[in-house]
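Engineer: Right, I'll just put the structure down here and ask away after.
Taken together, the values in this text are just the output of simple stated rules run on the coordinates, not laboratory data. Computed from a predicted model, the values in this text were never measured in an experiment. Here the Cβ is made from the backbone with ideal geometry for all residues, glycine too, and neighbour counts use every protein chain on show.
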Amino acid sequence: MNNPATLTGDRPVDFQIKGINDGLLITLGEGDWSVIREELLRNIEERSAFFQGARVALDVGDHVLKAAELGALRDKLGNFGISLSAVISTSGVTEKTALMLGIGTRLSASRKPVFPSLPEAEPVSVTGETAVFVQKTLRSGTKIQHDGTVVVLGDVNPGAEIVAGGNVIIWGRLRGSVHAGSSGDESAVICALEMLPMNIRIAESTFENKPRKTKPGPEFASLSMGTIIIQPWKHPSY
C-alpha cells in the first residue's frame with residue numbers, strides 16, 4: 001500500500017509499503033535523509049500495533065548511509081519490535097555498511113534477503129576508520145592482518161589467525177586465534193556467534209583458555225582491568 005506522510009510546509013514524503021513472504025518491504029523516496037528517517041519513525045510510532053513484531057526490508061534508493069546512521073536506525077526500529085532484515089540500495093557504500101552490520105542487501109525470488117558475492121577482502125569506511133570485510137571461512141594456515149577492524153562472514157577454523165588494530169567481528173564460529181587491538185587499543189573487542197578459540201588477545205593481554213561451561217551462542221570478549229572477560233553477546237556495547 002502507499003503510505004504518504006506530510007511534513008511542515010505541506011511537503012510530502014512518500015513511503016511505499018507492501019507485504020512480502022516473510023515481512024514488509026518499505027520503499028523510501030528521495031530527499032534529506034534525516035527528514036525521511038524522522039517521518040518514517042513517526043509513521044511507525046503512530047501505527048506501532050501494525051508494525052509490532054514485523055520483519056522489514058528497507059529500499060533506501062541512492063541514500064549513502066554510514067555505519068552510525070544505519071546502526072542507529074536499526075536500533076530505533078528494534079525499539080518498536082521491528083527486525084530490519086534487509087537494506088536495498090543503489091549505493092555501494094550503503095550496501096557495504098549493511099553487510100558489515102550483518103544486514104542482508106537483496107531480496108531473492110522467494111522475497112527473502114540474501115547476501116551477494118563480495119571480493120575476498122575489501123576495505124569499507126566505518127565511522128572514521130577503515131575495516132576489512134572477509135566473506136569466507138578462514139581455514140588453517142590463513143592469516144588476516146589489518147590496522148583497523150576486521151569483519152568475517154564465516155568461521156575461523158583452528159590454525160587460522162586474525163590480527164587487527166581494531167575490533168574483530170565474526171559472523172560464525174571462532175576456533176582459531178585472534179588478536180584485537182594489536183596496536184595497544186585496550187577498548188577493542190572480539191565478537192563471535194560461537195566462541196571456542198585456540199587463543200585470543202586484546203592489546204597486550206592474553207586470555208587463559210580454560211574449559212568454560214557455556215551454552216553455544218553469541219559472545220564477545222573485552223578487556224576489564226587488564227583481564228579478558230567473555231560475556232553473552234546480547235547487544236554489543238562498543
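Engineer: Report ³J(HN,Hα) in whole Hz for each residue of the range 172-187, in order, from the Karplus equation J = 6.51 cos²θ - 1.76 cosθ + 1.60 where θ = phi - 60°; Gly and Pro get x.
Structural biologist: These are the phi-based 3J(HN,Hα) values: x, 8, 9, 10, x, 10, 9, 10, 9, x, 5, 8, x, 6, 7, 8 Hz.
Engineer: Let me ask you something else. Given R₀ = 35 Å, what would the calculated FRET efficiency be for E204 paired with A72, taking r from the Cβ atoms and rounding to 0.05?
Structural biologist: Once rounded, the FRET efficiency stands at 0.60.
Engineer: Let me ask you something else. Please list 181-190, 223-232 highest first by mean number of surrounding beta-carbon atoms within 10 Å per residue.
Structural biologist: Top to bottom by mean Cβ count within 10 Å: 181-190, 223-232.
Engineer: Separate question: Measuring from label point to label point, each 7 Å out along Cα→Cβ, what is the D32 to D147 span in nm?
Structural biologist: The answer from the label model is 3.6 nm.
Engineer: Now for a separate question. Once the convex hull of the C-alpha atoms of the range 56-109 is built, how many Å³ does it hold per residue, rounded to a whole number?
Structural biologist: 70
Engineer: Still on this structure: Could you give the dipole magnitude of the range 36-97 about its Cα centre, charging the beta-carbon of Lys and Arg +1 and that of Asp and Glu -1, in debye to the nearest 20?
Structural biologist: Using Cβ point charges on Lys, Arg, Asp and Glu, the range 36-97 gives about 180 debye.
Engineer: Let me ask something else. What's the extension gain from R47 to S83 if we count 0.36 nm per residue and subtract their Cα-Cα distance?
Structural biologist: Length gained between R47 and S83: 11.4 nm.
Engineer: Relative to the present Cα-Cα distance, how much length would full extension add between D62 and S183 at 0.36 nm per residue of separation?
Structural biologist: Taking D62 through S183 to full extension adds about 39.9 nm, to one decimal.
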